[in-house]
1. Where does the charge balance sit around I249 when Lys and Arg score +1, Asp and Glu -1, over other residues with C-beta under 12 Å from its C-beta?
2. Would you kindly calculate the mean projected area, averaged across all directions, of the convex hull enclosing the Cα atoms of the chain, in square nanometres?
3. Within 10 Å, count the other beta carbons around each residue, average over each peptide in 98-109, 150-161, 215-226, and list them highest first.
4. Take V36, V44 and order them by how many other Cβ atoms sit within 10 Å, fewest up front.
5. For a label point 7 angstrom out from the Cα of E240 toward its Cβ, which stretches of the range 38-59 have the backbone nitrogen within less than 19 Å?
6. Work out how much length Q202 to K127 would gain on full extension: take 0.36 nm times their residue separation and subtract the Cα-Cα distance, in nm to one decimal.
7. Net charge near G69, counting Lys/Arg +1 and Asp/Glu -1 over other residues with Cβ under 14 Å of its Cβ?
8. Using Cβ contacts closer than 10 Å as the measure, can you line up H148, H66 from fewest to most?
Amino acid sequence: MASLRSKSFSPPVRDDRSPVRISVSGLGKSYGAQGVLHDISLEVKPGEIFVIMGPSGSGKSVLLRHIAGLELPSAGTVAINGQDPSLPDTRDRFALALVFQSGALFNSLSVYENLALYPLEHRLCPKPEIRERVMRALRILSIENAVHKLPAELSGGMKKRVAIARALVMEPQVILYDEPTSELDPVMAATIAEIIATLKEQFSVTSVVVSHDRDLAFAIADRIAVLHQGRLLTVQTPAELRENRDPIIREFLQPSINLQEPRFKKLEANHD
Ligand SMILES: Nc1ncnc2c1ncn2[C@@H]1O[C@H](COP(=O)(O)OP(=O)(O)O)[C@@H](O)[C@H]1O
Ligand SMILES: [Mg+2]
């Protein structure tokens, strides 16, 4: 297996590079009286690309934040190789990386500084190796020429690539992506899809991708979970999902535009 890890430095806490399995069991989440996730159970297999799809507001990002250990369940459990992801120790051990929808880059820092910040602050490895890792990540994503730029100087597609590069610097065993192709044109979206698939092949990372981009999901997923109103409707391979006749799933995958019976209420006639 190819690895981003340099031979010269190997922090003991991250020695274990066995494949990573994610288990979600009976997960429920409420904010006050509002139930957002209901009894979700799923397994992400080691090294697979697992895509979570569903309409806006169905709970995809909330589910991803639970897998990242950034939120605590109201019911049920999440485990990464049997360990609780909300413990900093677990996140460190598997170098779990989250690529935020917005990119979440620091605007006043250059691309280089954005990538080096976390490893420097957490002393992941000696300084010269951090530089090596940053430059390697930028090379992998073909954005070395952006190294001295500020986020404001980058296009949307470049920002997404920088956000992925920042995850790679961590040498992650798990990468979680929230809407990696949102707001991108189709060509840049296809490039990001290729990058996600390539990272899986080269580095055997376990990838969870939240998206409502059907093209992305069907192109890269090993399996697709469909969420609807906080409930898991199904987990299937792309081929199986294409044949799924559940009306809610069909409506989501191939919404019909019906001008005779529109989904929104009839507009008030304007009598000016
Ligand atoms: N921190 C929060 N506090 C209260 N409600 C939230 C919070 N985060 C998400 N929600 C609600 O949970 C629901 C699911 O949100 P989200 O997971 O972001 O949906 P999406 O599938 O579009 O990613 C939405 O109704 C949202 O308003
Ligand atoms: Mg979301």
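Nothing in this text is a laboratory measurement; each read-out follows from the coordinates by a stated rule. Computed from a predicted structure; not experimentally measured. When we count neighbours, we look across all protein chains shown, and the Cβ atoms used for this are built from the backbone with ideal geometry, even at glycine.
1. 0
2. Projected area, direction-averaged: 18.3 nm².
3. 215-226, 150-161, 98-109
4. Ranking V36, V44 by Cβ neighbours within 10 Å, fewest first, gives V36, V44.
5. 40-54
6. Between Q202 and K127, full extension yields an extra 24.5 nm.
7. 0
8. Sorted ascending by nearby Cβ count, the order is H148, H66.
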